[in-house]
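Inspection log for the structure reproduced underneath, given as structure tokens.
The values are calculated or read from the model by the stated rules, or taken from the named source; none is laboratory data. Worth saying up front: this structure is predicted, and the values here are computed from it rather than measured. We place every Cβ from the backbone using ideal geometry, glycine too, and count neighbours over all the protein chains shown.
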Amino acid sequence: MNKKIFIDPLIDNNPISRQVLGICSALAVTVKLEQAFVMTLALTFVVTMSNVIISMLRNYIPSSIRIIVQLTVISTLVTLIDKALAAYMYDLSKSLSVFIALIVTNCIVMGRADGFAMQNNIKDSFMDGIGNGLGYGLMLILVAFFRELFGFGTVFDYRVLPEAFNNGLMILAPGAFIILGLIIWAQRSMTSFVEE
């Protein structure tokens with residue numbers, strides 16, 4: 001059971017490619033791999049810890065205020081991440097500040113807190129948080145890899161392609177949509193092929 005909870009969001013039920021959640025932040029922070037990697041860590045931490053905390057408190061939260069409690073827990077965790085980034089990675093914090101703050105409203109985090117952690121034990125909630133965070137992050141890192149490679153000719157700011165291969169479209173929003181669409185198409189094609 002725990003293995004399925006962890007593995008399912010990575011491929012079969014990926015938050016971005018299957019559930020189509022968190023698309024806006026996925027497109028906004030994928031210009032560079034460094035930003036995508038930090039956003040992956042931030043969201044994974046928030047979704048995992050919020051799942052654990054909500055699961056611990058689930059029997060004590062009145063149903064009439066459950067959303068308020070969940071938002072308070074998630075907001076606190078996001079604030080911790082935001083302050084840690086500002087303290088230790090200031091330049092990256094400035095470029096991600098709006099998107100880190102928007103983790104509070106991310107459907108993946110709220111959905112997992114309300115839809116999973118409120119009904120399951122701490123261990124399963126932890127595995128669900130890790131799986132969904134990494135599933136989200138996998139898509140971010142894939143999109144960022146191709147956008148940075150074809151947009152700037154670099155990978156983690158190390159030049160890989162000659163500057164003649166740089167494509168300005170890849171660093172704009174349409175480039176993100178194209179890459180994400182191709183990844184979703186490939187992923188859905190592979191899973192439907194395996195199911196047959």
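For segment 55-63, does any single residue satisfy the condition of being under 17 Å from the mean Cα position of the chain (by Cα) and part of a helix (DSSP H, G or I)? There is no residue in segment 55-63 that is under 17 Å from the mean Cα position of the chain (by Cα) and part of a helix (DSSP H, G or I). Kindly indicate whether residue 26 is farther than 12 Å from residue 136 by Cβ and either in a helix (DSSP H, G or I) or not polar (S, T, N, Q) (or both). So residue 26 does not fit the description; no.
Going through (1) surrounded by fewer than 18 Cβ atoms within 10 Å (Cβ to Cβ); (2) under 20 Å from residue 132 (Cβ atoms) one by one, residue 46 falls short only on (1). Looking only at residues that are among the hydrophobic types (A, V, I, L, M, F, W, C) and crowded, with 22+ Cβ neighbours inside 10 Å in segment 9-32, which one is farthest from residue 147 (Cα to Cα)? Out of the qualifying residues, it is 16. Taking the criterion of being in contact with a helix residue (DSSP H, G or I) (Cβ under 8 Å, 6 or more places away or on another chain), part of a helix (DSSP H, G or I) and either in contact (Cβ under 8 Å) with a residue 12 or more places away in the chain or among the aromatic types (Phe, Trp, Tyr) (or both), the residues of segment 77-97 that qualify are 77, 78, 81, 82, 85, 92, 95, 96, 97. Checked against (1) over 16 Å from residue 17 (Cα atoms); (2) part of a helix (DSSP H, G or I), residue 120 passes all but a single condition, namely (2). For segment 183-196, the criterion of a residue being more than 26 Å from residue 107 (Cβ to Cβ) and outside any helix (DSSP H, G or I) is satisfied by at least one position.
Just to be sure before I move on: is residue 109 modelled with pLDDT of 90 or more, of a type in the set (Val, Ile, Thr) and surrounded by 15 or more Cβ atoms within 10 Å (Cβ to Cβ) in the structure I sent? For residue 109, the condition - modelled with pLDDT of 90 or more, of a type in the set (Val, Ile, Thr) and surrounded by 15 or more Cβ atoms within 10 Å (Cβ to Cβ) - is not met. Pairs are defined by a Cβ separation below 6 Å, a sequence spacing of at least 6 or placement on different chains, a first member in segment 125-142 that is more than 23 Å from residue 32 (Cα to Cα), and a second member that is crowded, with 22+ Cβ neighbours inside 10 Å and of a type in the set (A, V, I, L, M); the pairs so defined are 125/117; 129/47.
With respect to the stated conditions, residue 61 fails to be farther than 21 Å from residue 3 by Cβ, free of Cβ contacts under 8 Å to residues at least 12 places away in the same chain and surrounded by fewer than 22 Cβ atoms within 10 Å (Cβ to Cβ).
Determine, yes or no, whether residue 103 is assigned to a helix (DSSP H, G or I), over 23 Å from residue 3 (Cα atoms), under 19 Å from the mean Cα position of the chain (by Cα) and β-branched (Val, Ile, Thr). Considered against the rule, which asks whether it is assigned to a helix (DSSP H, G or I), over 23 Å from residue 3 (Cα atoms), under 19 Å from the mean Cα position of the chain (by Cα) and β-branched (Val, Ile, Thr), residue 103 comes out as yes.
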